[in-house]
Amino acid sequence: MSYVVIFRSTRNLDDGHLYSEWSEKMENLVKTIDGYEHHFGFRDATSRDGVTVSYFSSLEAISEWKNLGEHKVAQQLGRDSFYEEYSIQVCEVLRDYGFEA
């Protein structure tokens, strides 16, 4: 079984330096969580809207990530400085299939 965390956000206008620093920190930190599988993300430069999709093997791994001390600091920085708004959805993957040429 696999789970997905979908993080949608709208960035505040800023120079991005502190955001970039914390983004890189969190990208490295999430990889240390047992049960983390992978993630990808994108941000529209025009609207400042972005989406990050992260895959985990268990709800426990997601909970561990959510409650990690350094991640809690990043969450507060997000509310205080980085984001105009954000939303998070946690979903169970019911099917996973594709096509490769």
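Given the structure, is LYS66 at pLDDT 95 or above, within 29 Å of LEU94 (Cβ to Cβ) and in contact with a helix residue (DSSP H, G or I) (Cβ under 9 Å, 6 or more places away or on another chain)?
Taking the combined requirement at face value, the residue satisfies it.
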Selected residue (criterion: nearest to LYS25 (Cα to Cα)) from residues of segment 43-101 that are hydroxyl-bearing (Ser, Thr, Tyr) and touching a Gly at 6+ places or on another chain (Cβ under 8 Å) = THR52
Which residues, taken from segment 2-13, are in contact with a helix residue (DSSP H, G or I) (Cβ under 7 Å, 6 or more places away or on another chain) and of a type in the set (D, E, K, R)?
-> ARG11
Set ASP49, ASP34, ASP14: member being among the acidic types (Asp, Glu) and at pLDDT below 95 | ASP14
Does segment 14-34 contain at least one residue that is in contact (Cβ under 8 Å) with a residue 40 or more places away in the chain, within 22 Å of VAL73 (Cβ to Cβ), out of contact with any helix residue (DSSP H, G or I) (no Cβ under 8 Å at 6 or more places or on another chain) and not aliphatic (A, V, I, L, M)?
-> no
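The values are calculated or read from the model by the stated rules, or taken from the named source; none is laboratory data. This one's a predicted model, so the numbers in the text were calculated from it and none came from an experiment. Cβ sites come from the backbone with ideal geometry, for glycine too, and all protein chains shown count toward neighbours.
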